[in-house]
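Below: the structure, in structure tokens.
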Amino acid sequence: MGRFNYRLVAHIVGMMLIYLAGAMALPLSVSLLCHDGAQFALTFSALFTLMIGLLLRNFGGRGAAFEFHESEAAWITMAVWIAIPLCGTLPYLLTGAASSFTDAAFESFSGFTTTGSSVMELPEELPEGLLVYRAFTQWIGGLGLILFVVAILRKLGIGAGILYESEFSGTQQRKLHPRLARSVQRMWGTYIWLTAVLLTLLILTGMRPADALCTAFSTVSTGGFVTHSSGLSQLSNGSLMVVTAFMLLSGINLSVLFRLFTLRWRKIGPCEELVWYLGLFAAAAAVCCAAFLKSGNRLADSVLYSLFHIASTMSTCGFYLPQLPHWPLPVSAITFVLIIIGASAGSTGGGIKLRRIIILLRYTRNYFTRMVHPQAVVRVKVDNRIVPEVYVNKVFAFVFLYIAGIAIGAFALTLCGCTIPDAVCMASANISNLGPSPLLNNLGGALDYALLPEVAKWLLTLLMLAGRIELFALISIFSPAYWRQTT
Amino acid sequence: MNIIIAGDGEVGFYLAKSLTELNHNITVVDPNSELLKRLESETDLLTIAGSSTSPQVLEEAGVGSCDLFLAVLHDESINLMSCVMAKKLKAKKTVARISNAELLLPRNRDMFLELGVDEMVCPERIATKEITNLLKNSVATEFFDFSGGLLTMYLVRLESDSPVLGHSVAELLQMYSTLSVRIVAVLRNGMTIIPHADTVLMQGDLVYLISRPNQADKICRVAGKSEAEVKRAMIVGAGRIGRFAAQTLEETLRITLIEESRPRCEEAASLLKETLIINGDATDIELLKNEGLLRTDAFIAVTDSSETNVLTCLHAKRLGVRRTIALVENTGFISLSQDIGIDTIINKKLITASYISRFIVKGEAVSSKWLSGTNAELIEFNVGKWATATRHTIRDLNLPQGAAIGGIIRGRETILPTRDTQIKAKDRVIIFALPKVMDQVAKLFE
């Protein structure tokens, strides 16, 4: 194996930054329209990002050999996922919204990883343009930055299949189109379509356009940034229902959604994960509703809030409603479990993902069959297809790493001075890309991301990133075997 | 009838032999000239060495004037291709043997008709159907519906506690006056007997009887065993038949499937949902016991080896499994296996031949079934308008030895005939006949 192709990585990162600079045009135009005073900061951020991007592409990436090996995929993934959010800190720093680089990085990573954890105490006092930028970062990160990379690699004429595989092999779903580029296009189409419909509905149900834009970005990407410190409490009931429905949709595999919306129903085939997702949603919402009712809330409120809350938790969106400050114990318990389970594979949501849970359950059941019948040939099947043993092992490794991530994260946070419940809640909420602290406060503690020590903030940032890129890329670049292979 | 058979495998060989006996003109096409030589020396037919997908070979075999083209090689794509070509070269009717049951789906039917494949036969699928039918209806070891279920044929074995042992057929009908049955044949020690009124029934006789449906429990009492419901079944061998059978049965029964080869287990695992698949040697009785052989109601042995099937079935029988079904490919084994107590023998060749014979029998035949254990055949005829049979009562009909009338269907009405019954035009008649008299019988109804 030759030397590690760092020039290619520089080239790709450079390209990504140029695109990011282009993306900053959207918040900039909002800023210009609203005269909120952030236009210079945003303009400068865009120019600066563009400059770094051009430098990286034209000097760092000059003469890059346009080929890479499977084992380098993790490096590319990591480089992109670190470089983009780092440059994404510029608007926070230049507008003065973040008091330190740590805060800016926390906010930026939280955005791109669609976590939605925030250190901004009073978002309503931030300039409109910055709010839109913040929500927009979630939207960009929603489908995963790797999809952008895939598009860029195609331009470079490199087989992007490797990266696509490493990102989406988990769903075992056939591509939406024989050609990778078309599949990616179709996913983006679905995503944009969802956002546009939601935006329209929100404006129709009486939201301010700028808020509606931010909320739509936050919902569809299952991020969770809000534009007001009181969460979504000032929304009309109509808007709440719309948001609930779209949170639920966003937790579904995008390929399934594409086929659903384009009426290719036959092609969806058996989709056990969707059935489980909806079943779990209905069951959890029913229990929550009963618990709210029992603690003396009105029926209409209980139904609406429990649907909203469970959709928000399962999709790992993380929106919260301050109307129901005191959760009965069952609601907290269910919430905690759902945070870890997360959404469907192939969706914008985070967490372990239901598909993996199904595989684990089936494997465990098979294990007992094997105990009684030692010679039995049993296979884990999802959607009537056998899940290869290799993949089952990967799921086990993943879940182990996930739990270990929560445990180690919680341990380290406790050392930073958090109480144990707070630490566990924060670790799991951030690795699952759920986010916002007010939601977690209902689980018991009184935590606030803004008041955490710097080390704890960086720790949470790392957890968000790990959860978002599904751990393996992060772990593998720290493993000695991987180093020996690629450098 | 001019018939071309492509393929000299087991099915082809058997078909060729039995069709020659029925006085058809058979031409066999196969690439293996050695096998053909052997076949030609044993049977009166024409053989042509060559590929059935070569137009020249087909022409040589006289495809232009052939009434029926049967492609029964192992490879289904060759069969389909041969049929397509034969049809284009003016064969009247083509039948292909296939192994992928998906092709049989009704929605694919038109596509194959258009291509020129008139009928498709999947031996494994037919065998599976037999097995599932047998388990559905536990009184009869073999049964078959006529005219969409108006009449049913049962095969029962007379057990030691049967009340009719030592009695004649006429006495039986007197003893059970409420039971409307007609006994068409008795199989005793491998011999087929067409019974008279005074034929005495003995223990171990396999009795073919025709009756109306839903008589199962009454017939059960005659036979001397109580009807037992099958809840668990063990299938040995995950070849195509084993897999198909498990797939069909697993919806209603608890199935354990045992297979020695790992890849076959994997294949079964991807197809089946509920079945417990065990990778192990079926001749290892300890393994079978551990996997619940003693609690099994039915034992189905369908491995590739007839010997294994017969032996494991015997073992299961001895350990008290009530119903045993064995796949026996070696036709010489069939009567032997039935003698030693295996309930039912499935033979792919026989049932495939039986199925294919539907396309061959002259006259107005609607459906037919060849019976295992005997070379006799059950055929359903539509009686022609001017048929000889309509002129006399059955007593005066001069039915040849080796043939019996099992039942008559007139509109929606069913008649179990006596000697004084008169057959009318447009009736449907079920005939039990040995092959040598089949032509004579057919003439009666034309």
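Among residues of the stretch B:243-271 being among the aliphatic types (A, V, I, L, M) and either modelled with pLDDT under 90 or in a helix (DSSP H, G or I) (or both), the one that is surrounded by the fewest Cβ atoms within 10 Å (Cβ to Cβ) is B:Leu271. Has the stretch A:373-387 got any residue that is assigned to a loop (DSSP other than H, G, I, E, B), at positive phi, within 14 Å of chain B (Cβ to nearest Cβ) and in contact with a helix residue (DSSP H, G or I) (Cβ under 8 Å, 6 or more places away or on another chain)? Yes, there is a match, as at least one residue in the stretch A:373-387 is assigned to a loop (DSSP other than H, G, I, E, B), at positive phi, within 14 Å of chain B (Cβ to nearest Cβ) and in contact with a helix residue (DSSP H, G or I) (Cβ under 8 Å, 6 or more places away or on another chain).
Okay, residues lined up against (1) in contact with a Leu (Cβ under 8 Å, 6 or more places away or on another chain); (2) crowded, with 19+ Cβ neighbours inside 10 Å; (3) of a type in the set (Asp, Glu):
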| site | (1), (2), (3) |
| --- | --- |
| A:Asn5 | no, yes, no |
| A:Ala10 | yes, yes, no |
| A:Ser29 | no, no, no |
| A:Phe48 | yes, no, no |
| A:Leu55 | no, no, no |
| A:Phe59 | no, no, no |
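Can you run down the residue pairs with Cβ atoms below 8 Å, 6 or more apart or on separate chains, where the first is in the stretch A:418-432 and surrounded by fewer than 21 Cβ atoms within 10 Å (Cβ to Cβ) and the partner is at pLDDT below 90? Correct list of pairs: A:Thr419/A:Gly445; A:Pro421/A:Leu443; A:Pro421/A:Gly444; A:Pro421/A:Gly445.
Taken together, the residues in the stretch A:212-240 that are assigned to a loop (DSSP other than H, G, I, E, B), among the aliphatic types (A, V, I, L, M) and surrounded by 24 or more Cβ atoms within 10 Å (Cβ to Cβ) amount to 1. If you go through the stretch B:249-271 and pick out every residue that is within 10 Å of another protein chain (Cβ to nearest Cβ) and of a type in the set (Val, Ile, Thr), you end up with 2. Of all residues in the stretch A:199-208, one or more are crowded, with 17+ Cβ neighbours inside 10 Å, outside any helix (DSSP H, G or I), modelled with pLDDT of 80 or more and more than 17 Å from the chain's Cα centre (by Cα). Set side by side, the residues B:Thr308, B:Thr303, B:Thr331 differ, and just one is more than 14 Å from chain A (Cβ to nearest Cβ), out of contact with any helix residue (DSSP H, G or I) (no Cβ under 9 Å at 6 or more places or on another chain) and not charged (D, E, K, R), which is B:Thr308. Filtered by the rule that a residue be farther than 19 Å from A:Ser347 by Cβ and buried (at least 21 other Cβ atoms within 10 Å of the Cβ), the stretch A:111-135 gives A:Ser117, A:Ser118, A:Val119, A:Met120, A:Pro127, A:Glu128, A:Gly129, A:Leu130, A:Leu131, A:Val132, A:Tyr133, A:Arg134.
Results for (1) touching a Gly at 6+ places or on another chain (Cβ under 7 Å); (2) basic (Lys, Arg), shown as yes or no for each residue.
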residue: B:Leu158; (1), (2): yes, no
residue: B:Asp161; (1), (2): yes, no
residue: B:Arg182; (1), (2): yes, yes
residue: B:Thr199; (1), (2): no, no
residue: B:Arg212; (1), (2): no, yes
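Only a single criterion out of (1) surrounded by fewer than 22 Cβ atoms within 10 Å (Cβ to Cβ); (2) part of a helix (DSSP H, G or I) is not satisfied by A:His326, namely (2).
Residue-wise test of (1) crowded, with 18+ Cβ neighbours inside 10 Å; (2) among the β-branched types (Val, Ile, Thr); (3) over 20 Å from the mean Cα position of the chain (by Cα); (4) not assigned by TED's automatic domain parsing to the domain that holds B:Ser18.
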site: B:Asp75; (1), (2), (3), (4): no, no, yes, no
site: B:Ala86; (1), (2), (3), (4): yes, no, yes, no
site: B:Ala91; (1), (2), (3), (4): yes, no, yes, no
site: B:Thr94; (1), (2), (3), (4): yes, yes, yes, no
site: B:Ile98; (1), (2), (3), (4): yes, yes, no, no
site: B:Glu102; (1), (2), (3), (4): no, no, yes, no
site: B:Glu114; (1), (2), (3), (4): no, no, yes, no
site: B:Val117; (1), (2), (3), (4): yes, yes, yes, no
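When you check B:Glu40 against the structure, is it loosely packed, with under 14 Cβ neighbours inside 10 Å and part of a helix (DSSP H, G or I), yes or no? Criteria not met by B:Glu40.
For every residue, the table says whether it meets (1) touching a helix residue (DSSP H, G or I) at 6+ places or on another chain (Cβ under 7 Å); (2) assigned to a loop (DSSP other than H, G, I, E, B); (3) over 18 Å from B:Thr128 (Cα atoms); (4) at the interface with chain A (Cβ under 10 Å from one of its Cβ atoms).
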{"site": "B:Cys220", "(1), (2), (3), (4)": "no, no, yes, no"}
{"site": "B:Ile241", "(1), (2), (3), (4)": "yes, no, no, no"}
{"site": "B:Lys273", "(1), (2), (3), (4)": "no, yes, no, yes"}
{"site": "B:Ile278", "(1), (2), (3), (4)": "no, no, yes, yes"}
{"site": "B:Leu294", "(1), (2), (3), (4)": "no, no, yes, no"}
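The values are calculated or read from the model by the stated rules, or taken from the named source; none is laboratory data. This structure is a prediction, so every number in the text was calculated from the model and none was measured. We place every Cβ from the backbone using ideal geometry, glycine too, and count neighbours over all the protein chains shown.
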